[in-house]
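**Student:** Okay, here's the structure, questions in a sec.
Bear in mind these aren't lab numbers, they're just calculated from the coordinates by the rules spelled out. These figures come from a predicted structure and were not determined experimentally. Reconstructed Cβ throughout: ideal geometry from the backbone, glycine too, with neighbour counts over all protein chains shown.
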Amino acid sequence: MAVTTAGRPRSSAGGSGRDLTPRSPRVGEKIIESLLAAAAGLSVLVTVGIIVALVVPLFTFFAHVSPIEFLTGTTWTASFGDKYSWDKDWGVLPLVSATFMATGIALAVAIPVGLGIAMFLSEYATTRARKVIKPVLELLAGIPTVVYGFLALTALTPILQPLLGIPNIYNLLVAGIVMGFMIVPTVASLSEDAMSAVPQALRSGSYALGANRRMTTLQVVFPAALSGIIAAIVLGLSRAVGETMILAVAGGNLARLTADPRDEAQTMTAFIAQIASGDAPQGSPVYYSLFAVGALLFVITLTINLISIRLVRRFRQVY
């Protein structure tokens, strides 16, 4: 293959320098390229639209409520009293603490169970067992979260109440446990994909040095797939932070600051669901507080994603 002075390829077959550059524009490729660019641009526009929809009402809210009071206050009475009165307590810490408490309980369940399933599927399970377990995991991921919420409220809470001394049918402990099982398929499936992508040569080398399957899994495969495992955990974390129906159904609607997960408490998403269901008139202070809580939740989720990107890049292994 010879190259002309203009940099375009010319065929050297038979000594004749035929120009292989397409003489007519490829309309189909241009259309596909434009559609892909439009899809990418649409995702950016949707994100910008969400930000604008959240930010604009914030000016009205923070014109009456101090940002310091909002972020550091320990009492939230937005739903109490006159819905058109700004004379309330707007401290969002009770909602934030309940959100992180429920998320922590969910991760305490999802991480060990999900990683255990991933290790079993990747390193121990036979092909037949994998074909059965993997579809079941994907089926669990497709169950509506409201079903998990009613399961926590009507089935699991009555069982755990006498065992754990839970005083109320609404509580964060059972809601967090059920939410953990909800995100197990996410952690397990993505972690198993990351571990299965580890080259077989690493396993063979470990076995050649005398390591057994357990040592190979924990000391070779797991560290090699760490970036993918971190991404799976962070995705499960983001889903837990943004979960609504389980916490709205089983966690309760009492906004209070508590350190006991057995108590009833309202999370940020549960409050948003309560207000968005028509509990507050449009234009009222409670209505504007919806956007303040939503914007804070957006910032928390964005921060989690940015941290996860840095962690994935730090622990990424290239083979």
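**Student:** Taking θ as phi - 60°, what are the ³J(HN,Hα) couplings along the stretch 264-275 by the Karplus curve (6.51, -1.76, 1.60), each to the nearest whole Hz, with x for Gly and Pro?
**Tutor:** 6, 7, 9, 8, 5, 5, 5, 5, 4, 5, 5, 6
**Student:** Could you give the Stokes-Einstein D for the stretch 92-161 in µm² per second, using the C-alpha Kirkwood radius, 20 °C, 1.002 mPa s?
**Tutor:** This corresponds to a translational diffusion coefficient of 146 µm²/s.
**Student:** So which residue, out of 42, 297, 156, gets the largest mean-square fluctuation from a GNM of the chain using Cα contacts under 10 Å as springs?
**Tutor:** The residue that fluctuates most here is 42.
**Student:** Now a separate question. Roughly how many nanometres apart are two label points built 7 Å out from the Cα toward the Cβ at residue 36 and residue 113?
**Tutor:** Computed distance between label sites residue 36 and residue 113 equals 4.0 nm.
**Student:** With the Cα gyration tensor of the stretch 189-319 giving a ≥ b ≥ c as the square roots of its eigenvalues, does the rule (a/c under 1.5 for rounded; else a/b larger than b/c for prolate; else oblate) give rounded, prolate or oblate?
**Tutor:** The shape class here is prolate.
**Student:** How big is the shadow of the Cα convex hull of the stretch 45-157, averaged over all directions, in nm²?
**Tutor:** 11.9
**Student:** Restricting to Cα atoms and excluding each atom paired with itself, what does the Kirkwood estimate give for the chain in Å?
**Tutor:** After inverting the mean inverse Cα-Cα distance, the result is 23.4 Å.
**Student:** I would also like to ask the following. So which helices of the chain fit the span-like rule, where a helix is a whole DSSP H run, its Cα atoms reach 18 Å or more along the axis, and its mean Kyte-Doolittle is at least -0.5?
**Tutor:** Within the chain the helices that satisfy the rule are 27-64, 93-119, 127-141, 172-196, 226-241, 285-315.
**Student:** Suppose the chain between residue 160 and residue 48 were pulled fully straight at 0.36 nm per residue; how much longer would it get relative to their current alpha carbon spacing?
**Tutor:** 35.9 nm
**Student:** Now for a separate question. Which far-off residues, 5 or more places away or on another chain, put their amide H under 5 Å from the one on residue 73, with H placed in the peptide plane?
**Tutor:** Those lying under 5 Å, H to H, from residue 73 are 92, 93.
**Student:** Would you work out which of 188, 249, 210 lies farthest towards the positive end of the dipole of the stretch 178-269, given +1 charges on the beta-carbon of Lys and Arg and -1 on that of Asp and Glu, about the Cα centre?
**Tutor:** Value: 210.
**Student:** Next question. Tell me the mean residue ellipticity at 222 nm calculated for the chain from its helices only (DSSP H runs of n ≥ 4, each -39500 (n - 2.57), averaged over every residue, nearest 500).
**Tutor:** Result for the chain: -20000 deg cm²/dmol, rounded to the nearest 500.
**Student:** Name the long-range amide H neighbours of residue 265: under 5 Å, sequence gap of 5 or more, or other chain; modelled H, no Pro or chain starts.
**Tutor:** Amide H neighbours of residue 265, under 5 Å, 5+ apart: 172, 254.
**Student:** Could you work out Rg/(2.2 N^0.38 Å) for the stretch 242-312, with Rg from alpha carbons only?
**Tutor:** Against the compact-globule rule of thumb, the ratio is 1.27.
**Student:** Enter the Cα centre distance for the pair the stretch 236-280 and the stretch 136-205, rounded to the nearest angstrom.
**Tutor:** Rounded to whole Å, the Cα centres lie 18 Å apart.
**Student:** Next question. Rounding to the nearest 20 debye, state how big the charge dipole of the chain is about its Cα centre with +1 on each Lys and Arg Cβ and -1 on each Asp and Glu Cβ.
**Tutor:** Magnitude of the dipole: close to 1760 debye.
**Student:** Could you please state, rounded to a whole Å, how far the C-alpha centre of the stretch 25-89 is from the C-alpha centre of the stretch 96-135?
**Tutor:** 32
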